[in-house]
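Enquirer: Submitted below is the structure of interest, expressed as structure tokens.
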Amino acid sequence: MGVLNVTPDSFWDGGRYRHIDAAVAHGLKLFAEGADILDIGGESTRPGASAPGVEEELQRVIPVIERLRQASDVAISIDTCSAEVMRAAAAAGANMINDVRALSRPGALGAALETGLPVCLMHMQGDPQTMQRRPAYVDVVAEVKAFLLQRAAECMAAGLAHDCLILDPGFGFGKNLDHNLSLLRGLEELVATGFPVMVGLSRKSMLGDLLGRAVEDRLPGSLALAIAARQRGARIVRVHDVAATVDAFRTLEAVEGLM
């Protein structure tokens, strides 16, 4: 999954793809590099970020989805927590919903049901404004797994099919370095639930904490984390650097005799 943020303030590419032409060109580049899915987001959820209004989010993402749908057959994910944006994105040609708040906002679950699209439910402790102040867990793997299974059960009770749900442990969303590493070590527990698992580890602050690297110098660490997640059963790996990650996975597959 290639990341395409059409925001002014995302932690890595914020501002570079605010204009429609630049966003579409970058999305097509990621597709050409091997992205199976493009994840288009109009709200930055980096620590401390403020949410845009619904109209602003719609203006950011919908023209990009429409243009990409006209230009390619790449699968498109809409990264949003807003019911209105979910509906509009589906109408514009999106194929998936990626909700960092796990359909918890008013109307989001109903909107997801209306679209009939697959949904990724993510765990986050707190919200982007507060999540990194003092995250705390007794057993982070058990607590994240319990939360996601509960949300999945609630979504299925409302009518979403099991086959339409994907789980994301939410690396970096209300977790410190130890929490993130524990989640990655225990990822197979989440995989064992039977739901596909998606991970987003690309260039995140955990690599800054671990390696002392600025965001622009975190590609090697991102590739190592992507490989570790894939080896532990992650089905979708959300990345900024598609070409490099595809090369890493192809090399891993050759070593494992999967090519």
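Enquirer: Go through the residues of segment 211-228 one by one and say whether even a single one is within 30 Å of residue 114 (Cβ to Cβ) and modelled with pLDDT of 95 or more.
Expert: Initial filter on segment 211-228 (within 30 Å of residue 114 (Cβ to Cβ)): none.
So far as segment 211-228 goes, no, none of its residues is within 30 Å of residue 114 (Cβ to Cβ) and modelled with pLDDT of 95 or more.
Enquirer: Inspect all residues belonging to segment 180-193 and state whether any of them is β-branched (Val, Ile, Thr), in contact (Cβ under 8 Å) with a residue 40 or more places away in the chain and within 23 Å of residue 78 (Cβ to Cβ).
Expert: So the first thing to find is which residues in segment 180-193 are β-branched (Val, Ile, Thr), and the list is 191, 193.
From what's left, in contact (Cβ under 8 Å) with a residue 40 or more places away in the chain: 191, 193.
Adding the requirement that they be within 23 Å of residue 78 (Cβ to Cβ) leaves none.
No, that holds for no residue.
Enquirer: Regarding segment 212-225, can at least one residue be identified that is under 24 Å from residue 37 (Cα atoms), outside any helix (DSSP H, G or I) and among the aliphatic types (A, V, I, L, M)?
Expert: Taking segment 212-225 and keeping what is under 24 Å from residue 37 (Cα atoms), we get 215-216, 218-225.
Restricting the remaining residues to those that are outside any helix (DSSP H, G or I) gives 218.
Narrowing the set further to residues that are among the aliphatic types (A, V, I, L, M) leaves none.
Checked segment 212-225: no residue is under 24 Å from residue 37 (Cα atoms), outside any helix (DSSP H, G or I) and among the aliphatic types (A, V, I, L, M).
Enquirer: A follow-up question, please. Would you mind finding the one in 232, 213 that is surrounded by 14 or more Cβ atoms within 10 Å (Cβ to Cβ) and over 20 Å from residue 140 (Cα atoms)?
Expert: Details: 232 fails: over 20 Å from residue 140 (Cα atoms).
Going through 232, 213 in turn, the sole match is 213.
Enquirer: Sticking with this one: Taking the conditions exactly as written (under 24 Å from residue 226 (Cα atoms) and over 18 Å from the mean Cα position of the chain (by Cα)), does residue 136 satisfy them or not? Quick ask: steps written out before the conclusion?
Expert: Values: under 24 Å from residue 226 (Cα atoms): no; over 18 Å from the mean Cα position of the chain (by Cα): yes.
No; evaluated as a whole, the condition is false for this residue.
The values are calculated or read from the model by the stated rules, or taken from the named source; none is laboratory data. Just so you know, these numbers come straight off a predicted model, no measurement behind them. Glycine gets a Cβ as well: all are built from the backbone with ideal geometry, and neighbour counts include every protein chain shown.
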